[in-house]
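In what follows, a structure is listed as structure tokens, so that the remarks can point back to it.
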Amino acid sequence: AVVSTQSTGATTGNWWMVDLEDNFLVEKIKITNRGDCCRDRINGAKVYVGDELCGEIEYSGITNTYSMKCGMVGNFVRIVNDNSYLTLCEVQVMGNPTPVDTENEETVVDIGEKSCGGDDCMSTATCPSGYAPTRCVVATGNVGTKSDGAYIDGNNCYAVNSYKGNGAIAKATCALNPQIENPCGGEALLKYYSEQQHGVKVSLSCPAGYEEQTG
């Protein structure tokens with residue numbers, strides 16, 4: 001989705017929103033600020049995917065374009081500026097064009113403790129027994145500036161603070177973790193339900209030295 005040049009008329013409590021008309025995985029948002037004057041008004045504007053904070057804009061005097069990595073699922077994108085006018089010359093919302101099914105999956109959410117404020121300090125969110133993480137995000141946002149991002153390792157979701165950050169918080173969405181039959185003749189394999197793979201048949205390739213079982 002791409003939207004060009006819009007401005008609010010009030011000095012405080014300003015917001016802009018685009019309705020995506022379905023739930024999508026929003027991977028990145030690119031915002032172009034005005035370049036003629038008053039560019040610092042965008043400082044502190046918060047960017048949300050659905051109700052989750054993706055990040056906060058820190059004004060830079062050397063660029064008019066701000067990019068944020070989100071990795072969040074939502075049906076709208078909202079930009080809020082409580083401090084000043086909000087002028088957006090262009091907003092690009094980029095991600096997977098396939099809608100995400102968020103209703104047919106039994107999920108639980110775990111939010112980790114806030115990490116320390118040092119570089120590479122980590123917050124951990126852990127899925128309960130029988131569940132596996134399908135989404136892992138930095139709940140405090142600001143990926144690329146105040147946090148280095150989030151990643152999944154086993155049953156845990158880790159959010160990593162950056163040297164500019166004040167502490168990161170990990171948020172894991174956990175889905176039932178079923179076992180499927182191993183087509184290579186070994187033990188059952190654990191496979192995670194993924195919000196990006198609803199309706200897609202999982203395929204497995206056998207490692208070297210194993211043959212696919214067809215019977």
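The values are calculated or read from the model by the stated rules, or taken from the named source; none is laboratory data. Keep in mind that what you see is a predicted model, and the values were worked out from it rather than measured. With ideal geometry, Cβ positions are generated from the backbone for all residues, glycine too; neighbour counts draw on all protein chains shown. Side chains included, ligands, DNA and RNA excluded: accessible areas come from the protein's heavy atoms. Shrake-Rupley method; radii C 1.70, N 1.55, O 1.52, S 1.80 Å.
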Got at least one residue in region 142-162 being at pLDDT 80 or above, aliphatic (A, V, I, L, M) and assigned to a loop (DSSP other than H, G, I, E, B)?
-> no
Can you find even one residue in region 140-154 that is buried (at least 20 other Cβ atoms within 10 Å of the Cβ), of a type in the set (Val, Ile, Thr) and touching a residue at least 24 places away in the same chain (Cβ under 8 Å)?
-> yes
Filter region 126-163 for residues that are closer than 18 Å to Gly50 by Cβ and among the hydroxyl-bearing types (Ser, Thr, Tyr) and give the result.
-> Thr134, Thr140
Quick one: count up the residues across region 129-139 that are outside any loop (DSSP other than H, G, I, E, B) and either open to solvent by less than 10 Å² (accessible area, probe 1.4 Å) or modelled with pLDDT of 80 or more (or both).
-> 6
Does region 105-123 include one or more residues that are open to solvent by less than 40 Å² (accessible area, probe 1.4 Å), outside any loop (DSSP other than H, G, I, E, B), within 20 Å of Lys69 (Cα to Cα) and touching a residue at least 40 places away in the same chain (Cβ under 8 Å)?
-> yes
Which one is nearest to Glu106 (Cα to Cα), of the residues in region 163-182 that are modelled with pLDDT of 80 or more and not in a strand (DSSP E or B)?
-> Ile169
